[in-house]
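This report concerns only the one structure given below.
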Amino acid sequence: MRAANPDTSDKDPHPMSHPSFVPLSSLRPGPAPDELVPAAPPLRLMFWELTKACNLKCQHCRAVPESELAAGELNTRESFGLIDQIADIARPVLILSGGEPLYRKDVFDIGRYGVSKGFRMALATNGTLVDDDVAGRIRDAGFSRVSISLDGARPETHDGFRGIPGSHAAAIAGLQRLRARGVSMQINSTIARHNVHELPDMLDLALSLGADALHLFMLVPVGCGVELAEREMLPTDEYERVLHWFYDQSKQVEIDLKATCAPHYFRIRAQRIVEERKQGDRSTPFIAHGTRLKAAPDPAGGRPLSTMTRGCLAGTAVCFVSNMGEIYPCGYLPVSAGNVRQQTFGEIWRGARVFRNLRDYDTLTGKCGECRYTGICGGCRARAFAETGDYLGEEPFCSYEPAADTAPVTAMAASGGHPHH
Ligand code: SF4
Ligand code: SF4
């Protein structure tokens, strides 16, 4: 059993009472950034909140809806500068999001600039502003993929959650306009109590619309999600059932199906594969079909490691930049790593304490600290933070009870081989 993390000095008894994110000064003590630090892992995905402004009023959104652009957002010149800084250390997939990124007039310029610097650029939009003109401009800017959020198969489910009647139809129309122009499309769905029964229909809808990917995002109680959590979070056993359903579907459907921010899906997947192999069925590889092909290329020319080799990649392969230039492990974990207006992005990615803690799996506590699946799962650090005030604490929505006498399941996915059971 690993020792509990002795440092509790940054624990906040009211973790979600902050109006915004945790200030830099409240980070865990640890080596200063200018001390020798281990080499940072390659950044694979970066979510970039271009603006907090949005035309919808989604119940779960981490951004506070605003009708006007916030003062102090990174401007176009600063955005180009950030792309240059990121290019100094990596070429992650850059996902421009919001709020609603299409509220930014320079979103196409930023997209084009990223493409010119060798990045794969993606756009995460609610889809409702995508008319014929906007669809053409998105394609012409060179975005590799556009994701559109749909939180229900039925219009009333989605519109009720998104707060605007007609937004389901508008999102689908936007998706179809982009698809007609040859843009690769992904549907993102936030799964909660109100729509979990529509999952099979959501999958059918995604297939009928010709989407290339369906990513199911399990609700994280952050931002507006805090108030939602009590009535909308799936109970742990239902969560487990959904992830088993998800595994069954992933073996059957011709679509890139991902359970996003459900790290224990990797534990369930490993458990199911082991069970299948005991029955003599070796048909499912430990790396999902096509995962490597979809992975971001390694700028150093090495093997393109998958972006999906571990459940939670916050701070290890993924990060988030806010509209104000603040860097976080992900958009749902409000612990700042630094601000690109004060430090270079490379310094933050290499040296920030929160990133270094997240990269050291031995720092995890509670069940996740004792679990043999830590290496492939890790639990959701944002849910742990929301529940306990400690982002290294245990994932509260996992039903697995670690046993003391079992060997760790290591990073089997990286080799495509057998898990160490
Ligand atoms: S902490 Fe990890 S699993 Fe949780 S929301 Fe962030 S990236 Fe997703
Ligand atoms: S206890 Fe934590 S590390 Fe283990 S499977 Fe559950 S969430 Fe993952």
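The values are calculated or read from the model by the stated rules, or taken from the named source; none is laboratory data. A quick note: this is a predicted structure, and the numbers were derived from the prediction, not measured. All Cβ positions, glycine included, derive from the backbone under ideal geometry; neighbour counts span all protein chains shown.
Here are the numbers for this structure:
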read-out	value
Given (1) surrounded by fewer than 22 Cβ atoms within 10 Å (Cβ to Cβ); (2) out of contact with any His (no Cβ under 7 Å at 6 or more places or on another chain); (3) outside any helix (DSSP H, G or I), number of the condition Glu156 does not satisfy	(3)
Residues within the stretch 351-364 that are within 15 Å of ligand 1 (Cβ to nearest atom), farther than 10 Å from Pro329 by Cβ and either of a type in the set (Val, Ile, Thr) or touching a Lys or Arg at 6+ places or on another chain (Cβ under 6 Å) (or both), tallied	1
Any pair with Cβ under 7 angstrom, 6 or more apart, that starts in the stretch 329-341 at a residue that is closer than 20 Å to Val222 by Cα and modelled with pLDDT under 95 and ends at one that is more than 10 Å from ligand 1 (Cβ to nearest atom) and β-branched (Val, Ile, Thr)	Pro334/Val22
Some residue of the stretch 365-373 being assigned to a helix (DSSP H, G or I), within 15 Å of ligand 1 (Cβ to nearest atom), closer than 15 Å to Pro263 by Cα and modelled with pLDDT of 90 or more	yes
For Pro299: the one exception among (1) surrounded by fewer than 19 Cβ atoms within 10 Å (Cβ to Cβ); (2) at pLDDT 80 or above; (3) within 30 Å of Ala87 (Cα to Cα)	(2)
Subset tally (residues that are buried (at least 18 other Cβ atoms within 10 Å of the Cβ) and either within 16 Å of ligand 2 (Cβ to nearest atom) or part of a loop (DSSP other than H, G, I, E, B) (or both)) for the stretch 256-266	7
Which numbered condition Leu129 misses (of (1) buried (at least 19 other Cβ atoms within 10 Å of the Cβ); (2) out of contact with any His (no Cβ under 6 Å at 6 or more places or on another chain))	(1)
In the stretch 159-179, residue surrounded by the fewest Cβ atoms within 10 Å (Cβ to Cβ) [restricted to those that are outside any helix (DSSP H, G or I) and touching a residue at least 40 places away in the same chain (Cβ under 8 Å)]	Gly163
The one condition in (1) touching a strand residue (DSSP E or B) at 6+ places or on another chain (Cβ under 8 Å); (2) within 8 Å of ligand 2 (Cβ to nearest atom) that Glu394 fails to fulfil	(1)
When residues of the stretch 328-348 are limited to those that are assigned to a helix (DSSP H, G or I) and buried (at least 24 other Cβ atoms within 10 Å of the Cβ), the one nearest to ligand 2 (Cβ to nearest atom)	Ile348
Any hit, the stretch 399-412, residues being within 16 Å of ligand 1 (Cβ to nearest atom), out of contact with any Gly (no Cβ under 6 Å at 6 or more places or on another chain) and modelled with pLDDT of 90 or more	yes
